[in-house]
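In what follows, a single structure is set out as structure tokens and then discussed.
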Amino acid sequence: MDARAWDERYAASDLVWSREPNQFVAAELADLTPGTAVDLAAGEGRNAIWLASRGWSATAVDFSQVALDKGARLAEDLDVTWVCADATRWQPPAPVDLVVMAYFQVPAEDRRRAVRGAFMMLRPGGTLLLVAHDSTNIAEGTGGPQDPTVLMTAEDVLADLDGLEVEVVRAERVAREVRSADPSRHEHGGDERRTAWDCLVRVVRR
């Protein structure tokens, strides 16, 4: 992971990601009662901002200060705390109700540390939601990282949580429709619709 490279990427454009929350984050979490939330590897904070707009007290954690500064401008007066830190190791001062990990694509050892750390942030009854580019996306989908070492399956994530008090709500591969002009696919022009494959894991701490 290279914070400087991500700083440069975030500085080079208005927004690297969209202003809207990830579609799976919005769908899975819309009905949760607001409380305290952490958005790990938050980037420009689109998911943290969405949560705060729905009454959550959110903390956005990322190692790019440039991204966090952009997010803070977008959030305006919403209840979001911006923390520049290594999201694989950072811990909040007190347990939280929700942790979101959206497209946190790192090698398996870093992922395992981050996933277990995220789960341990939760109070009993708290929710961890992870959405990531699935390992099958290279061969069967479109866009996303082309390095298989940073991809994962729902089964990989559940294995990361082995030995912890986990209630599995949902763990599966999910389809996401993208257009050929979608910036996350690093392509330009056109409106061709294609399917990207993600993994989605939603668990509760017992």
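Just checking, how many residues over segment 1-44 are closer than 25 Å to TRP56 by Cα, out of contact with any strand residue (DSSP E or B) (no Cβ under 9 Å at 6 or more places or on another chain) and at pLDDT 60 or above? Residues meeting the conditions: 6. Here VAL99, VAL83 are screened, and the one residue that is among the aliphatic types (A, V, I, L, M) and more than 30 Å from ALA175 (Cβ to Cβ) is VAL83.
If I filter segment 19-54 down to residues being assigned to a strand (DSSP E or B) and not aliphatic (A, V, I, L, M), which single residue comes out as farthest from LEU98 (Cα to Cα)? Here the answer is ASP39. The strands (runs of 3 or more DSSP E) found wholly in segment 55-103 and carrying at least 2 residues that are out of contact with any Ser or Thr (no Cβ under 8 Å at 6 or more places or on another chain) occupy 57-62, 96-102.
Taken over segment 51-81, residues that are in contact (Cβ under 8 Å) with a residue 24 or more places away in the chain, within 21 Å of PHE119 (Cα to Cα) and within 15 Å of the chain's Cα centre (by Cα) amount to 5. Among the residues examined, THR59 qualifies as closer than 28 Å to ASP134 by Cβ and among the hydroxyl-bearing types (Ser, Thr, Tyr).
The values are calculated or read from the model by the stated rules, or taken from the named source; none is laboratory data. Everything quoted here is computed from the prediction, not taken from an experiment. Counting neighbours? That spans all protein chains shown, and the Cβs are built from the backbone with ideal geometry, glycine included.
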